[in-house]
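Notes follow once the structure below has been shown.
The values are calculated or read from the model by the stated rules, or taken from the named source; none is laboratory data. What you see is a predicted model, and the numbers here were worked out from it, not measured in a lab. Counting neighbours? That spans all protein chains shown, and the Cβs are built from the backbone with ideal geometry, glycine included.
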């Protein structure tokens, strides 16, 4: 475990992983909330997409990446920046790494139900997320508060991952049309929950499909706030304890195409960075 031989230090990084580049939307929120913290981001693109894999595959990959981050980077906390991996693997990760603070992400159904005026809400997510017990339990708990239209989006995360603008636009239009009417009138969906960390990077395309009046909800900011709370409770924030000797940095690695991740970092985080190509087993 993380502190069986070495106690976490304030200057140790926060580990973040996703099946690919989508988790950069969560990393963006984390960097905004915790600007002094160093991060290590792993894109498991060589084993993606998670949303179309079974739970055993996702648990094995999540476990391997967590071990890698602990052994090679001595992370003080882990953010599972993937809805599908959170649903499939986070309970197992918390069992196997009980001393490591672990934050997951789930579709923002609760705030959607609280804030929607029409109480008709659309949900876009991968099939893996929608079929998970965790999501089904969450949805069932809110059935008396709002009407949810749930849409599996086969292929959309992969299209965004590959920066395939034509396919992304076509899929966004197809899936939102299949859901029904969006708008502010009674019976129309006034809120769209983005239940995959890739989807915020298609937000302009989605707005073109459903209209500018529709409210979009994603999970990055709540994840960042929860990460801060967990670290504050342990006095592990980089702003606490000994001062950090260097500017906060982010290390990037991928099990897939390094150039693809570099391009996504430049496009969505407006920064340049080296990317390590990794073999994590």
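Observations
- Yes/no for residue 224 being assigned to a helix (DSSP H, G or I), modelled with pLDDT of 95 or more and surrounded by 18 or more Cβ atoms within 10 Å (Cβ to Cβ): yes
- Within region 33-127, strands (runs of 3 or more DSSP E) holding 1 or more residues that are buried (at least 21 other Cβ atoms within 10 Å of the Cβ), assigned by TED's automatic domain parsing to the domain that holds residue 138 and in contact (Cβ under 8 Å) with a residue 60 or more places away in the chain: 120-125
- Scan of region 171-200 for residues that are out of contact with any strand residue (DSSP E or B) (no Cβ under 8 Å at 6 or more places or on another chain), in contact (Cβ under 8 Å) with a residue 60 or more places away in the chain and crowded, with 23+ Cβ neighbours inside 10 Å, ordered by number: 198
- Residues satisfying the stated conditions in region 128-147, i.e. within 18 Å of residue 192 (Cβ to Cβ), in contact with a helix residue (DSSP H, G or I) (Cβ under 6 Å, 6 or more places away or on another chain) and not in a helix (DSSP H, G or I): 142, 145, 146
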